[in-house]
Amino acid sequence: MARSPLTLAAALAFTLAAPAWAEVQRTSTLRPPAARTAPADLASAVAGTYRGDVISDARGSSKSGVRVTVKRVGPNLVEVSADYRRLPTVRIRLTQALNAIVQAGDDHVFLIDRDKDPRELSLTIDDASLSLRRH
């Protein structure tokens, strides 16, 4: 039975590609896929004590020497509290944008620009903006 040129070409392509495909599958099982690598927990990366100033407050005056505590309460979730009585304790979900750690929602502003200085935190809660540095 005569085979068409197309059938012969397909058989030749399969014969040549099969060993290469087997090698790809064999080596891919040796290394875990990148998708299985767990992303870094942003909350753990930013947890700590920050000190700085209230640089503007729509409901009060500026204040120096404010202490803010950022506590990890879950994956990519922090609780922010301050010794500045006017600021409520809030929970902020974090996400990454380029090389910055930012809030995932729009209720508050949480910004750490790791390219600029990973110890500096810009924070806005309840119409009060703070400029802080991690200690």
(message) For the range 119-133, which positions are surrounded by 15 or more Cβ atoms within 10 Å (Cβ to Cβ) and either at pLDDT below 95 or over 18 Å from the mean Cα position of the chain (by Cα) (or both)?
(response) Thr124, Ile125, Ala128, Ser129, Leu130, Ser131, Leu132
(request) Select from the range 35-86 the residues that are in contact with a helix residue (DSSP H, G or I) (Cβ under 9 Å, 6 or more places away or on another chain) and not polar (S, T, N, Q) and write down the one among them that is nearest to Arg119 (Cα to Cα). (result) Val70
(message) Pairs please, first residue from the range 96-115 and without any contact (Cβ under 8 Å) to a residue 12 or more places away in the chain, second anywhere and open to solvent by less than 50 Å² (accessible area, probe 1.4 Å) and not in a loop (DSSP other than H, G, I, E, B), Cβ atoms under 6 Å, 6+ apart in sequence or on different chains.
(response) Gln103/Ile92; Gln103/Phe110
(request) Quick one: count up the residues across the range 75-95 that are on the phi < 0 side of the Ramachandran plot and open to solvent by less than 70 Å² (accessible area, probe 1.4 Å). (result) 14
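The values are calculated or read from the model by the stated rules, or taken from the named source; none is laboratory data. Keep in mind the model is a prediction, meaning the values are calculated, not measured. Neighbour counts run over all protein chains shown; Cβ positions are idealised from the backbone, glycine included. For the accessible areas, the whole protein counts, side chains as well, though only heavy atoms, and no ligand, DNA or RNA atoms are used. Shrake-Rupley method; radii C 1.70, N 1.55, O 1.52, S 1.80 Å.
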